[in-house]
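Novice: Pasting a structure below so you can have a look.
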Amino acid sequence: MKYFIKRLIQAVPVLFIISFIIFSLVYMAGDPVLLMLPEDAPQEDKQALREALNLDEPFHVQYMTFVGNLMQGQFGKSFTYGQEALPIVLERLPATIELAFAAIFVATIISIPFGIWSATKKDSLGDVFISGGAVLGKAMPNFWLGIMLILLFSVYLGALPVSGRGTIFHLILPAITLGTGIAAQITRLIRSNMLDILHQEYIRTARSKGLKEFLVIYKHALRNSLIPVVTIMALQTSSLIGGAIITETVFSWPGLGQLLIQAINTRDMAIVQASVFVVALLVIMMNLLADVMYRFLDPRINLK
Amino acid sequence: MPSLVNETSNVKSFTTRKRKTLFSQIFKSRTGVLGLFILTLVVLIALLAPFISPHDPAKVDITATLLPPSWVEGGSAEHLLGTDNMGRDLLSRIIYGSQISLLVGISSVVVAGLIGVLIGLVSGYYGGWIDNVLMRIVDAFLSIPNILFTLVILGIFGPSLITLILVIGATNWVNYARIVRSEVLSLKEREFVKAAKTMGVRDFFILFRHLLPNVVSSLSVVSTLSVATTIILEASLSFLGLGIKPPDVSWGGILSDGRDYLATHWWVATFPGLAITITVLGIILVGDWLRDIFDPRSNIQNDI
Amino acid sequence: MNAVDPLLQIEDLKTYFYSGDKVIPSVDGVSFHINKGEIVALVGESGCGKSVTSLSILGLIDSPGKIEGGRILYHDLDLTRLSQKEKLQIRGKEISIIFQEPLAALNPVFTVGYQIQENIMVHERISKKKAKAKAIDLLIKVGIPHPEKVYQNYPHSLSGGMRQRVMIAMALSGNPKLIIADEPTTALDVTIQAQILQLLKEITEQQRTSILFITHDLGVVAEIADRVIVMYAGQVVEQADVYSLFDNPKHPYTKALFNSSPKMDQIDEELTAIEGAVPSPFEKPMGCKFHTRCPYVMGKCKSISPDLEENNGHLVRCWLSTENAKSEVT
């Protein structure tokens, strides 16, 4: 618990640095007033809006105002939606989280049996195929995989919807698209962990008890090899969300990624700032969780 | 003095032995050879693009739009892989696309490497509050997904080849910084560094003459794998319309063009993705092989 | 100690390992037996094949190793010819094993109690609750204080001696007829060592369990064993009851082992290390395997391998004692 609090405190300066990065980016983006008002708006109106938005203040004053607002959850109004940015972003979050969990689910059911199989049958034909497939899975850009899946399952087979969200069928292709890369990585990880663990003495002990080989592998070896996997998965939140952004674009999945791309294209900076901050906060929380989970899952590490 | 002679000859035999095993290991690993073969091929294609490309990649021909590949009914031998919606030769575009992929991939890794190595060296060597501040900045960068970060910056500054390279470099240095830092932390406790310090060797000299050469092997592994990640990142950005702009040709861009014609003209989106996959596959295989040579038990995470 | 009641009989066991196209005969024609209630010590330097012998008994030889010949008779059952299913019924039930390093041999992510309970539940149709009660009884039996509490502990939080007691409890949980103890005290410090040896001795006396005790430490042998088998380079070189062997070691290797281990009554005498090293498993010498390091080496030793010859229940594989025996007869 003490450790957890220490880590929590460490996150505070990180959040400050993130807020600084976000603010600087937008500061450098230039005068938002030119975007918000029509080009032929009178000079006085522009100036009035600038003053209302504190844009004439020096950098550090503007930054302090930004931080103050941020602490109250205010990123300013989105000019495309005409509302506060944060609620719009939070409204899109569940869709992205749904996609992420579905992808992790797909990755897990693929990678655990495959990883174990290729480790227990090392250098067999099956191992060559699985290991080769894992490298291929890492090498494929996920937007291309998504398009190829659409081509196969939607265009040729007509079996699954191309885009949108709603039924479980809508979820299948995006989840596979996002899950493949993760599956490839976990398969490799489980394989190498298992290869190491299968040579441990406690595996020989488990066999010497007369345990069935299935239990030796799936209980004694798997439990040990999953500890680092769970941690690394949580640490991959950042790249998972990164992948989700692209996957959402391919499948028109109405999540955070799609919102963000639109916001970037329309230069809706309030939305951009709010999304980046929400994502960063999410990643930091997941990293903390990874740390705590690792300590929880591995009894060798003392929690006290 | 004879002992000294002896020593140098020992050193010599050690290095030749090392080189010999390195050489034999290239051919021991079949996947390594495959990777090297693919990589060499892609580099040659990129270098020789003007000579081997059958057409001008930008030449529009409205009489020959969306021609299928030559082996499909309706295709012509003139356009081996068919044409896109503007009648441009797909094969030529893919050949020229390799130039951009490799250029962006390698240059941004160089940029990222320079920043990361410098920060890692300083952070690990000086420790204390410098390390603390730098590592919190690293944490902040880690909590914003790479693609998100680059998208936002490119959205603000507008895409161009140079911006793309600089932006990817400026957001991807974190991995290098962490790896160099952790290696420096252990190296600086070693005798030769302590000896250099007590002899009054200047910090600058210690950093670049004693510490840097010792991190080269792990850097080479990480950079190789980073080129793979970066090629995918560039393709993703171009796919989203925020990467390479015409007249430059990028695989991600071709793919994005092809997406609109997916239902009726599968080849436009398929071939560039295949090109990305094969190139990235080659690089990953080389990277994995390098890692096996330098440190068979290393735990460097290569996350895509 | 009646030699007519063998529990386990190993006949001409050959366990080979394969590395590329090379064959490593780790165990090369080993024969011995273990009687009911008897403690037999298997002695030798590391790499002599004593651990491979013990793993062969349980069928725990991993590839690239394989039992290539011989029989291991447990009662009337040849353990080398059992199906996988039959092997599982032997392991942990009829024959169990205690490894050298309990921290490595216990699974770090399960509680020690669970690991004992698991062994019970593999072989007995019994409720979880009863298995747990039995596991706790076993913890009491091996002398663990606060057994209920220790039951919930993970291996890393126990001391080395405690962990080894847990391993012993686990080995006892199936009421085995034979326990293989593979250097069970090597990783422990001296006082704990004595306690663990005492415990093992008590167990055999109470339950008439046999123990195959593998060690390289002759001091431990004197303390615990009824009979001693000395192995060198995959072969048995000497076998005798503990008194004959200590009074009158016959094989030069056994003698060398005595000279290289410290004795209580000879504090100031210098220890002599055995010259040379165990021959590389790839290139075992011709003739007697020990001739490269033997101080009494003769011409014959370099070309012809001596047989294991018996004299008054004392078995030796050495040309020197064969000659001596002959001269005694004539």
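Novice: What does the convex hull of the Cα atoms come to per residue for the stretch A:2-72, in Å³? Intermediate results must be reported in sequence, preceding the final value.
Specialist: Working: hull volume 6.6 nm³, N = 71.
Enclosed volume per residue, from the Cα hull, is 94 Å³.
Novice: Still on this structure, please answer the following. Given the -39500 (n - 2.57) contribution per DSSP H run of 4+ residues, what per-residue ellipticity at 222 nm results for chain B, rounded to the nearest 500 deg cm²/dmol?
Specialist: On the way: 12 runs with 211 residues, N = 304.
The helix contribution divided over chain B gives -23500 deg cm²/dmol.
Novice: Which net charge results when you count Lys and Arg as +1 and Asp and Glu as -1 among the other residues whose beta-carbon is under 12 Å from that of C:ASN248? Please report the intermediate quantities before stating the final value.
Specialist: Numbers: positive: C:LYS250, C:LYS255; negative: C:GLU238, C:ASP241, C:ASP247.
Here the count lands on -1.
Novice: Roughly what angle does helix C:319-329 make with the longest principal axis of chain C, taking Cα atoms, 0 to 90 degrees, to the nearest 10?
Specialist: Relative to chain C, helix C:319-329 is tipped by roughly 70 degrees.
Novice: Please give me the summed charge of the neighbours of B:ASP248: other residues whose Cβ is under 12 Å from its Cβ, Lys and Arg +1, Asp and Glu -1. Present the calculation step by step, with values, prior to reporting the outcome.
Specialist: On the way: positive: B:ARG93, B:LYS245; negative: B:GLU234.
With Lys, Arg at +1 and Asp, Glu at -1, the net is +1.
Novice: Counting only pairs 8 or more residues apart or on different chains, how many lysine pairs in chain B have their Cα atoms under 15 Å apart?
Specialist: 4
Novice: If you take the charge dipole of chain C about its Cα centre, with +1 on Lys and Arg Cβ and -1 on Asp and Glu Cβ, which of C:LEU158, C:SER260, C:CYS48 is farthest toward its positive end?
Specialist: Value computed over the given set: C:LEU158.
Novice: Viscosity 1.002 mPa s, temperature 20 °C: give me the Stokes-Einstein translational D for chain B in µm²/s, with Rh taken as the Kirkwood radius over C-alpha pairs. Mind showing how you got there, number by number?
Specialist: On the way: Rh = 21.8 Å.
In µm²/s, the coefficient is 98.
Novice: If you build the convex hull over the alpha carbons only and average its shadow over all orientations, what do you get for chain C? Give it in nm² to one decimal. Mind showing how you got there, number by number?
Specialist: Values: hull surface 75.5 nm².
Averaged projected area of chain C's Cα convex hull equals 18.9 nm².
Novice: For a quick check: with amide H placed at 1.01 Å from N, whose amide H comes under 5 Å from C:ASN35's, ignoring anything fewer than 5 positions away on the same chain?
Specialist: Long-range HN contacts for C:ASN35: C:LEU7.
Novice: Separate question: Which of B:LEU34, B:GLY75, B:ALA177 sits closest to the plus end of the dipole of the stretch B:31-294, meaning its Cα is farthest towards the positive end, when Lys and Arg get +1 and Asp and Glu get -1 on the C-beta?
Specialist: B:ALA177
Novice: Using the Kirkwood radius over C-alpha pairs as Rh, can you work out the diffusion coefficient of the stretch C:79-221 via Stokes-Einstein at 10 °C, viscosity 1.306 mPa s, in µm² per second? Don't jump to the answer; show the numbers that get you there.
Specialist: Details: Rh = 15.4 Å.
Approximately 103 µm²/s, per Stokes-Einstein.
Novice: Please get the size of the charge dipole for the stretch C:102-175, origin at its Cα centre, with Cβ charges of +1 on Lys and Arg and -1 on Asp and Glu, quoted in debye to the nearest 20. Mind dumping the intermediate values first?
Specialist: Numbers: 10 positive and 4 negative charges, 37 e Å.
Dipole magnitude for the stretch C:102-175 comes out near 180 debye.
Novice: Take the residue pairs A:LYS212/C:LYS22; C:LYS22/C:LYS93; C:LYS50/C:LYS302; C:LYS66/C:LYS134; A:LYS121/C:LYS66 and return only those whose Cα atoms are more than 26 Å apart. Intermediate values should be presented prior to the final figure.
Specialist: Details: A:LYS212/C:LYS22 32 Å; C:LYS22/C:LYS93 36 Å; C:LYS50/C:LYS302 24 Å; C:LYS66/C:LYS134 36 Å; A:LYS121/C:LYS66 18 Å.
The pairs that break the limit, which is 26 Å between Cα atoms, are A:LYS212/C:LYS22; C:LYS22/C:LYS93; C:LYS66/C:LYS134.
Novice: Same structure, new question: Calculated from DSSP H runs of 4 or more alone, at -39500 (n - 2.57) each and per residue, what is the 222 nm mean residue ellipticity of chain A, nearest 500?
Specialist: Counting only the DSSP helices, I get -24000 deg cm²/dmol.
Novice: Using only Cα atoms and rounding to the nearest 10 degrees, what angle (0 to 90) does helix A:256-266 make with the longest principal axis of chain A?
Specialist: Orientation of helix A:256-266: about 30 degrees from the principal axis.
Novice: A further question on this structure: Between the stretch B:48-62 and the stretch A:218-238, how many Å separate their Cα centres?
Specialist: Their Cα centres are 49 Å away from one another.
Novice: Using helices alone, I'd like the mean residue ellipticity at 222 nm for chain C: each DSSP H run of four-plus residues gives -39500 (n - 2.57), total over residue count, nearest 500.
Specialist: Details: 12 runs with 115 residues, N = 330.
Calculated from helices alone, the mean residue ellipticity at 222 nm is -10000 deg cm²/dmol.
Novice: Let me ask something else. Per residue of the stretch C:161-173, what does 6.51 cos²θ - 1.76 cosθ + 1.60 with θ = phi - 60° give for ³J(HN,Hα)? Whole Hz please, x for Gly and Pro, Karplus curve as stated.
Specialist: Values per residue, Gly and Pro as x: x, 4, 4, 5, 4, 4, 4, 5, 4, 5, 5, 7, 5 Hz.
Novice: Can you list residues from other chains, or at least 5 along the same chain, whose modelled amide H is less than 5 Å from the amide H of B:THR65?
Specialist: Those qualifying (amide H under 5 Å, at least 5 residues apart or on another chain) number zero.
Novice: Treating only the Cβ atoms of Lys and Arg (+1) and Asp and Glu (-1) as charged, compute the dipole magnitude of the stretch C:157-307 about its Cα centre; round to the nearest 20 debye. Can you show the working numbers first?
Specialist: Working: 14 positive and 18 negative charges, 119 e Å.
I would put it at about 560 debye.
Novice: Given a Förster distance of 56 angstrom, what is the FRET efficiency for B:TRP129 paired with A:ASP123, based on the Cβ-Cβ distance and rounded to 0.05? Kindly include the intermediate steps, with their values, before the conclusion.
Specialist: On the way: r = 51 Å, r/R0 = 0.90.
The formula returns an efficiency of 0.65 here.
Novice: Mean 1/r over all different Cα pairs, inverted: what Kirkwood radius does the protein assembly as shown give, in Å? Kindly include the intermediate steps, with their values, before the conclusion.
Specialist: Details: mean 1/r = 0.0302 Å⁻¹.
Final number for the Kirkwood radius of the protein assembly as shown is 33.1 Å.
Novice: Moving to a separate point now. Probe radius 1.4 Å, ligands and nucleic acids left out: which of B:TYR261, A:TYR218 has the largest accessible area, and how do the rest follow?
Specialist: Order by accessible area, largest first: A:TYR218, B:TYR261.
Novice: Bin all alpha-carbon pair distances of chain A at 20 Å intervals from 0 and give each bin's fraction as a whole percent.
Specialist: So the P(r) values, bin by bin, are 27, 47, 22, 4, 0.
Novice: Averaged over B:152-158, how many beta carbons belonging to a partner chain fall within 10 Å of each residue's beta carbon? Don't jump to the answer; show the numbers that get you there.
Specialist: Details: counts 13, 5, 1, 11, 10, 4, 0.
Taking all residues of B:152-158 together, the mean is 6.
Novice: Each residue of the stretch B:124-130 in order: what ³J(HN,Hα) in whole Hz does its phi give by Karplus 6.51 cos²θ - 1.76 cosθ + 1.60, θ = phi - 60°, with x for Gly and Pro?
Specialist: Result, rounded to whole Hz: x, 6, 7, x, x, 5, 4.
Novice: Give the distance, in whole Å, between the Cα centre of the stretch A:166-217 and the Cα centre of the stretch C:36-113.
Specialist: Cα centres, the stretch A:166-217 to the stretch C:36-113: 29 Å.
Novice: Treating only the Cα positions of the stretch A:98-210 as identical point scatterers, give the base-10 log of I(q)/I(0) from the Debye formula at each q in 0.14 Å⁻¹.
Specialist: Debye intensities relative to I(0), on a log10 scale: -0.65.
Novice: Using θ = phi - 60° and the Karplus relation 6.51 cos²θ - 1.76 cosθ + 1.60, list the HN-Hα couplings for the stretch A:197-210 in order, rounded to whole Hz, with x at every Gly or Pro.
Specialist: Values per residue, Gly and Pro as x: 5, 4, 8, 6, 5, 5, 6, 5, 4, 4, 5, 5, 7, x Hz.
The values are calculated or read from the model by the stated rules, or taken from the named source; none is laboratory data. This is a predicted model, so every value here is computed, not measured. Every residue, glycine among them, receives a Cβ derived from its backbone with ideal geometry; neighbour counts consider all protein chains shown. Accessible surface is based on the protein model in full, side chains and every heavy atom, while ligands, DNA and RNA are left aside. Shrake-Rupley method; radii C 1.70, N 1.55, O 1.52, S 1.80 Å.
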